[in-house]
1. Being of a type outside the set (Gly, Ala, Ser) and within 23 Å of SER268 (Cα to Cα) is the filter here, so list the residues in segment 182-195 that pass it.
2. Output the number of residues of segment 33-51 satisfying the condition of being in contact with a Pro (Cβ under 9 Å, 6 or more places away or on another chain) and either away from the ligand (no atom under 14 Å from the Cβ) or in contact (Cβ under 8 Å) with a residue 40 or more places away in the chain (or both).
3. Out of segment 137-154, which residues are more than 14 Å from VAL25 (Cα to Cα), away from the ligand (no atom under 16 Å from the Cβ) and in contact with a helix residue (DSSP H, G or I) (Cβ under 7 Å, 6 or more places away or on another chain)?
4. Please count how many residues of segment 62-89 are open to solvent by 60 Å² or more (accessible area, probe 1.4 Å) and either acidic (Asp, Glu) or in contact with a helix residue (DSSP H, G or I) (Cβ under 8 Å, 6 or more places away or on another chain) (or both).
5. Restricting to segment 197-211, what's the tally of residues that are open to solvent by 10 Å² or more (accessible area, probe 1.4 Å) and assigned to a helix (DSSP H, G or I)?
6. Just to check your reading of the model, which residue among GLU97, GLU107, GLU130 is open to solvent by 50 Å² or more (accessible area, probe 1.4 Å), part of a loop (DSSP other than H, G, I, E, B) and either away from the ligand (no atom under 16 Å from the Cβ) or β-branched (Val, Ile, Thr) (or both)?
7. Where residues in segment 157-181 are part of a loop (DSSP other than H, G, I, E, B) and within 26 Å of SER268 (Cβ to Cβ), which of them is farthest from the ligand (Cβ to nearest atom)?
8. Would you say SER2 is more than 16 Å from the ligand (Cβ to nearest atom), over 23 Å from GLU97 (Cβ atoms) and surrounded by fewer than 17 Cβ atoms within 10 Å (Cβ to Cβ)?
Amino acid sequence: MSKLKVSELFYSIQGEGRYMGVPSVFLRMFGCNFTCSGFGMPRGQVSLEREEIANRISEFKQYKDLPLVHSGCDSYASWDPRFKDLSPLLTSDSVAEAIVKLLPHNEWQNEHLVITGGEPLLGWQRAYPELLDHPLMEPLTEITFETNGSMRLSQEFKTYMKKWKADKQGREITFSISAKLPNSGEPWEDAIKPQVVVDYQSVGYAYLKFVIATEEDLEDAKRAVKEFKKAGFRGPIYIMPVGGVESVYSLNNKNVALMAMKEGWRYSDRLQVPLFKNEWGT
Ligand code: SF4
């Protein structure tokens, strides 16, 4: 039986992108191939908040004790190895049982499953079929993978997901691709992978979602969109304000909405910030 290293498992409202407002179970997988230490920082500088928290790791026994950060990746504990002991390794049986217990009626109705991270398309592609084949997961109809768009889909995973969708009418798979611009601190060549992203379209509905703070970020997003479109990407484009805490988010959400209108792109909010202060488990 395959095991999954689960950072967080919780029930909330999807705050971003296509399914904004939809009641959703979030399965946050451990591990990421990036660090995104540049978010919320002047270009070329990296956030040190995560380092400060890691130096006090013994104070934190569970995710909800961890501080929120104003800069860098806001889900840092889901990939930084120093926090790995907060994320248990669970069998697919126990994950399926825990998911169903979180649902308001203890069975799937119209809820949506979000598989997020970290980067959920790292090695975990091998483990998802066993989880999705669990009898408790059979009524599920909608899944979103929240990915950074840099990981190729394996042939086995593509074949499985296509079959999962075809097996039952109304099933949908979505890839919410938050490709990382230079404001994340990640190098362009590692983060902007048009051919990888275009391949997601062979399995499900795919859209791009860029985190934006400034006009310079918007120019980077336009350059990235050109590259994605040239490779054959045909999904919608969302832009979303930077800000894992309200003080940062509320500084630029309106500006980002105006930028989206100007470009004819979609605006994505981060509803978890004003509604739940982006606390762990929301
Ligand atoms: S890709 Fe996402 S999870 Fe990974 S470091 Fe960047 S923001 Fe965090």
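The values are calculated or read from the model by the stated rules, or taken from the named source; none is laboratory data. Every value quoted in this text rests on a predicted model; they were computed, and no experiment measured them. Don't worry about glycine lacking a Cβ; one is built from the backbone with ideal geometry, like all the others, and counts go over all protein chains shown. Note: areas computed on protein heavy atoms with side chains; ligands, DNA, RNA excluded. Shrake-Rupley method; radii C 1.70, N 1.55, O 1.52, S 1.80 Å.
1. PRO182, ASN183, GLU186, TRP188, ILE192, LYS193, PRO194
2. So the count comes out to 2.
3. LEU153, SER154, listed by residue number.
4. Result for segment 62-89: 5.
5. Looking only at that region, the number is 2.
6. GLU107
7. GLY170
8. Numbers: more than 16 Å from the ligand (Cβ to nearest atom): yes; over 23 Å from GLU97 (Cβ atoms): no; surrounded by fewer than 17 Cβ atoms within 10 Å (Cβ to Cβ): yes.
The answer is no for SER2.
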